[in-house]
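Below is one structure, written out as structure tokens; comments come after it.
The values are calculated or read from the model by the stated rules, or taken from the named source; none is laboratory data. The shown structure was predicted, so the numbers you read here are calculated from the model rather than taken from an experiment. Quick reminder, even Gly has a Cβ in these numbers, built from the backbone with ideal geometry, and neighbours come from all protein chains shown.
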Ligand code: SF4
Ligand code: SF4
């Protein structure tokens with residue numbers, strides 16, 4: 001009978017972690033629907049980016065106030081997980097504050113005090129984040145693509161974090177009261193710089209009531225963490241895990257450098273060399289033309305682009321810097337990432353249902369992302385520069401444009417005219433090459 005809570009806890013833990021693992025495997029499977037891409041280059045630079053951008057949050061602090069608040073929430077959340085480790089051990093073995101018997105008293109008290117201060121900072125941070133979203137109504141959180149689920153998702157996460165932190169501090173406050181009553185099982189352990197201000201609320205309560213409060217907060221806190229863990233799969237909050245691999249695999253070449261298709265480059269070189277036999281088999285090492293140029297659906301994208309889509313935090317920093325968006329065009333780089341994820345998840349659901357992907361008559365192009373959006377992009381890279389987790393919306397835009405131009409010859413008229421001019425005149429203007437130097441005779 002006395003082991004029932006431990007058994008229940010172990011079952012809850014196994015179900016929570018098991019369900020999370022199943023969903024993470026689905027995400028990995030979906031990302032693998034993309035093309036493989038070689039990211040074995042620049043290893044030192046990649047690790048440096050992980051430490052600087054993902055761990056060090058260097059891009060977040062470009063906007064100091066939200067950056068600082070985010071650091072509170074991020075550091076608090078990461079470090080408080082050490083406390084969760086203790087909760088898990090206590091839950092499985094029926095111990096109480098097990099780390100107190102393992103760590104030196106001073107260190108243990110310091111850790112608990114740090115957790116409390118961080119929990120308080122997290123609480124302040126999420127309350128201010130909620131205020132910015134819902135009272136101050138920052139423009140980037142009220143764009144068209146942020147209606148419905150994305151808006152609710154942003155708020156649900158903040159409520160989750162608020163409740164978890166309040167439960168954590170309540171649990172400590174009740175524990176502290178039980179310790180001062182000398183209740184058995186509640187060893188004198190920990191230092192409580194924040195919850196000491198909550199503890200007086202419990203003055204006069206019986207030991208039984210205090211135990212009920214402490215156990216209630218303990219259970220709700222750990223079950224809340226397990227629910228939160230599983231909520232990540234459905235949420236933009238997945239970035240707390242994926243930001244690290246995403247930054248590692250982020251672009252490490254100069255932003256303005258576009259990838260050329262080797263097969264096309266070879267084709268052009270052959271056109272310029274009168275001695276080449278156009279019917280000869282390609283020489284060894286020369287790239288063959290791909291089966292399809294560019295991307296019309298998510299399976300045509302590469303795995304890093306699909307990882308990008310799952311990592312997007314929907315913060316809108318990219319869109320708020322996008323000149324096309326600022327000047328009223330339909331394009332929002334955040335929406336490009338959200339659409340890519342939505343389509344990828346739709347395909348994932350299709351596979352879950354049918355065992356393999358059954359064509360559903362839809363694709364990323366036109367059904368999610370319009371041509372108007374794609375051609376509104378100036379390719380300025382401002383979105384890539386602004387993204388705090390190294391996402392590259394431009395690469396998706398460019399791949400989809402490549403599909404339109406090379407597979408469908410469907411570029412806008414102005415562009416087609418320029419491309420024809422380049423082909424015929426070696427310049428985008430409609431003047432014969434022979435007339436190039438006419439300007440010098442004009443005066
Ligand atoms: S690259 Fe395109 S999408 Fe990105 S900021 Fe510039 S115009 Fe906007
Ligand atoms: S792409 Fe980056 S900057 Fe844009 S919304 Fe997503 S996380 Fe934020």
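Taking the condition part of a loop (DSSP other than H, G, I, E, B) and in the same structural domain as residue 21 (by TED's automatic domain parsing), does residue 187 pass? Reasoning before the result, please.
Values: part of a loop (DSSP other than H, G, I, E, B): yes; in the same structural domain as residue 21 (by TED's automatic domain parsing): yes.
Judged against the criteria, residue 187 is a match.
Being part of a helix (DSSP H, G or I) and within 18 Å of the chain's Cα centre (by Cα) is the requirement here; does residue 71 meet it? The answer is yes for residue 71. It is to be established whether one or more residues within region 326-343 are farther than 20 Å from residue 395 by Cβ, within 16 Å of ligand 2 (Cβ to nearest atom), over 17 Å from the mean Cα position of the chain (by Cα) and outside any loop (DSSP other than H, G, I, E, B). Yes, some residue in region 326-343 is farther than 20 Å from residue 395 by Cβ, within 16 Å of ligand 2 (Cβ to nearest atom), over 17 Å from the mean Cα position of the chain (by Cα) and outside any loop (DSSP other than H, G, I, E, B).
Of all residues in region 191-222, those that are at positive phi and in a helix (DSSP H, G or I) total 0.
Please tell me if residue 336 is modelled with pLDDT of 95 or more, within 13 Å of ligand 1 (Cβ to nearest atom) and not assigned by TED's automatic domain parsing to the domain that holds residue 139. Yes: the conditions hold for residue 336.
Does residue 309 satisfy the criteria of being at pLDDT 95 or above, within 11 Å of ligand 2 (Cβ to nearest atom) and surrounded by 20 or more Cβ atoms within 10 Å (Cβ to Cβ)? Spelling it out, residue 309 is indeed at pLDDT 95 or above, within 11 Å of ligand 2 (Cβ to nearest atom) and surrounded by 20 or more Cβ atoms within 10 Å (Cβ to Cβ).
Being loosely packed, with under 15 Cβ neighbours inside 10 Å and out of contact with any strand residue (DSSP E or B) (no Cβ under 9 Å at 6 or more places or on another chain), is that true of even one residue in region 232-249? So far as region 232-249 goes, yes, one or more of its residues are loosely packed, with under 15 Cβ neighbours inside 10 Å and out of contact with any strand residue (DSSP E or B) (no Cβ under 9 Å at 6 or more places or on another chain). Quick one: which of 111, 99 is farther than 17 Å from residue 185 by Cα and assigned by TED's automatic domain parsing to the domain that holds residue 194? Answer to the selection: 111. Of all the numbered requirements in (1) farther than 29 Å from residue 367 by Cβ; (2) surrounded by 10 or more Cβ atoms within 10 Å (Cβ to Cβ); (3) more than 16 Å from ligand 2 (Cβ to nearest atom), residue 303 misses one, and that requirement is (1). Only helices (runs of 4 or more DSSP H) whose full extent lies in region 353-423 are considered here, and the ones with at least 1 residues that are assigned by TED's automatic domain parsing to the domain that holds residue 315, surrounded by 17 or more Cβ atoms within 10 Å (Cβ to Cβ) and more than 16 Å from ligand 2 (Cβ to nearest atom) are 364-367, 371-376, 393-406.
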